[in-house]
Amino acid sequence: MLFRSDVVIDSTGPGAVDEFGAGYESFRPLWEDGKLIWACITPFGLTGPWKDWEVNDLIQIALGGPMMSTGYDDHEIAPIRPDGEHSLWMGGEFGAIGIIAALYERENSGLGQMVDCSIHESISCTVEGAFPNWEYAQRLVQRQTGRHSSPARTAPWQFLAADGNYVNLMGGGIPRTRGNWKELMDWLDEFNAADNLREERYEAAVHSDPMVATEERAHIAEVIGKFVTSRPAEEIYRRGQGLHLPWAVIRRPEQNLDDPHWNARGFFSEVEVTGFDKKVKVPVAPYQFSETPHAVTRRAPMLGEHNYEVYHGELGLDATQLVALAGSGAI
């Protein structure tokens with residue numbers, strides 16, 4: 001039955017299911033002769049001095065590095081981690097890339113193989129500018145409120161609009177090119193809010209390095225920020241986008257449910273969720289295929305719901321082995 005599978009994803013930890021005859025070593029002939037790709041996604045990988053260590057998302061994000069670059073301008077406040085088990089998403093994404101690469105290799109060579117993905121290593125690859133800044137220039141990036149960490153303090157990106165809602169202005173509202181500078185100044189002039197930004201030195205500052213704090217860039221952001229506080233958030237968002245500026249309202253998660261763009265693309269679907277009497281609106285695939293459109297055919301399975309079908313029906317384990325796996329905590 002296992003011959004039907006192209007890939008097995010194993011996140012049980014080094015050797016956790018081998019002793020029960022359910023690990024990749026038990027199926028070595030299948031991936032050595034091109035029948036199977038076995039992908040292990042574990043906290044520290046299958047080798048190395050930390051391979052058996054216990055972790056959770058907080059530990060992973062701290063030890064991997066991103067947390068030190070995430071937080072607030074006030075460095076008396078400790079670094080923070082994002083919610084939502086980000087370390088597992090990072091490991092899963094790199095694991096998926098490894099699986100795709102292994103499948104591509106199998107198409108060319110006919111070889112199956114084992115993919116060993118370390119979540120810790122995946123996280124260490126996801127620290128944005130922190131590593132290259134230190135490696136090439138020995139500069140430590142500083143965490144900043146609601147914007148990228150940077151070696152030098154940059155202008156704020158988040159502003160409270162006149163209606164009490166926040167907006168996020170990429171780069172502090174400073175355009176990345178001169179192409180929309182004039183239109184932005186015309187908009188500010190409608191409300192007598194351009195101050196002295198028409199001076200040539202401020203337009204020239206648009207082309208300066210955004211990671212280098214200058215008086216001109218700081219002043220541009222200050223003037224734009226002051227203007228934003230005088231207008232409703234939705235107006236700032238729509239008009240800014242109309243000028244091809246990467247500006248947006250900061251939404252609460254539930255506000256996305258009525259997003260007209262996502263609804264027009266069929267991004268949400270009504271599905272059954274265990275514990276709810278009615279169907280629940282959830283996001284589905286963020287992409288569309290021209291020939292094989294995605295479809296929601298059933299609810300997501302509960303943890304362990306199909307253990308019998310998979311471990312007995314697919315792998316051929318008997319009841320005694322299933323009990324042993326459950327007793328060990330592997331399933």
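The values are calculated or read from the model by the stated rules, or taken from the named source; none is laboratory data. The model shown is predicted, which means the values in this text are computed figures rather than measured ones. Positions of Cβ are backbone-derived with ideal geometry, glycine not excepted, and every protein chain shown enters the neighbour counts. Side chains included, ligands, DNA and RNA excluded: accessible areas come from the protein's heavy atoms. Shrake-Rupley method; radii C 1.70, N 1.55, O 1.52, S 1.80 Å.
Residues in region 114-157 that are polar (S, T, N, Q), out of contact with any Pro (no Cβ under 9 Å at 6 or more places or on another chain) and buried (at least 19 other Cβ atoms within 10 Å of the Cβ): SER122, SER149. Among the residues of region 292-314, those identified as in a helix (DSSP H, G or I), open to solvent by less than 80 Å² (accessible area, probe 1.4 Å) and of a type outside the set (A, V, I, L, M) are ASN307, TYR311, HIS312, GLY313, GLU314. Of the candidates ILE100, ILE123, ILE119, ILE80, the single residue that is free of Cβ contacts under 8 Å to residues at least 24 places away in the same chain and under 17 Å from the mean Cα position of the chain (by Cα) is ILE80.
Before we move on, is LEU30 modelled with pLDDT under 95, within 26 Å of LEU325 (Cα to Cα), in a loop (DSSP other than H, G, I, E, B) and open to solvent by less than 60 Å² (accessible area, probe 1.4 Å)?
Here the answer is no, as LEU30 does not meet what is asked.
In this structure, is ASN263 touching a helix residue (DSSP H, G or I) at 6+ places or on another chain (Cβ under 8 Å) and either closer than 30 Å to PHE159 by Cα or surrounded by 14 or more Cβ atoms within 10 Å (Cβ to Cβ) (or both)? Answer is no for this residue. Of the residues contained in region 175-193, one or more are found to be touching a Leu at 6+ places or on another chain (Cβ under 8 Å), surrounded by 17 or more Cβ atoms within 10 Å (Cβ to Cβ) and modelled with pLDDT under 90. Tallying residues that are open to solvent by less than 40 Å² (accessible area, probe 1.4 Å) and among the hydroxyl-bearing types (Ser, Thr, Tyr) within region 62-104 yields 2.
Filter region 34-56 for residues that are assigned to a loop (DSSP other than H, G, I, E, B) and touching a Gly at 6+ places or on another chain (Cβ under 7 Å); which is surrounded by the most Cβ atoms within 10 Å (Cβ to Cβ)? By that ranking, first place goes to LEU36.
Condition check ((1) open to solvent by 50 Å² or more (accessible area, probe 1.4 Å); (2) over 30 Å from ALA193 (Cβ atoms)) across all residues:
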{"residue": "ARG231", "(1), (2)": "yes, no"}
{"residue": "GLU235", "(1), (2)": "yes, no"}
{"residue": "ARG239", "(1), (2)": "yes, no"}
{"residue": "PRO246", "(1), (2)": "yes, no"}
{"residue": "VAL249", "(1), (2)": "no, no"}
{"residue": "ARG252", "(1), (2)": "yes, no"}
{"residue": "GLU272", "(1), (2)": "yes, yes"}
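Quick check: is even one residue across region 252-265 closer than 25 Å to GLY84 by Cα and small (Gly, Ala, Ser)? Within region 252-265, not a single residue is closer than 25 Å to GLY84 by Cα and small (Gly, Ala, Ser). Within the bounds of region 320-329, is there any residue that is in contact with a helix residue (DSSP H, G or I) (Cβ under 8 Å, 6 or more places away or on another chain), polar (S, T, N, Q) and touching a residue at least 40 places away in the same chain (Cβ under 8 Å)? Yes, there is a match, as at least one residue in region 320-329 is in contact with a helix residue (DSSP H, G or I) (Cβ under 8 Å, 6 or more places away or on another chain), polar (S, T, N, Q) and touching a residue at least 40 places away in the same chain (Cβ under 8 Å). The residue of region 4-23 that is farthest from LEU46 (Cα to Cα), among those that are open to solvent by less than 60 Å² (accessible area, probe 1.4 Å) and under 24 Å from the mean Cα position of the chain (by Cα), is VAL7. Flag: ILE59 does not match the condition of being farther than 30 Å from GLN142 by Cβ, open to solvent by 30 Å² or more (accessible area, probe 1.4 Å) and not in a loop (DSSP other than H, G, I, E, B).
Which of the residues belonging to region 274-291 are of a type outside the set (Lys, Arg), in a loop (DSSP other than H, G, I, E, B) and surrounded by 11 or more Cβ atoms within 10 Å (Cβ to Cβ)? Residues satisfying the conditions are VAL284, ALA285, GLN288.
Which residue, of LEU325, LEU317, is in a loop (DSSP other than H, G, I, E, B) and of a type in the set (A, V, I, L, M, F, W, C)? Within the list LEU325, LEU317, the selection yields LEU317. Checked against the criteria, ASP209 counts as at pLDDT below 90, open to solvent by 70 Å² or more (accessible area, probe 1.4 Å) and not hydroxyl-bearing (Ser, Thr, Tyr). All conditions in (1) open to solvent by 50 Å² or more (accessible area, probe 1.4 Å); (2) closer than 26 Å to GLY129 by Cβ; (3) aliphatic (A, V, I, L, M) hold for ALA162, with the sole exception of (2).
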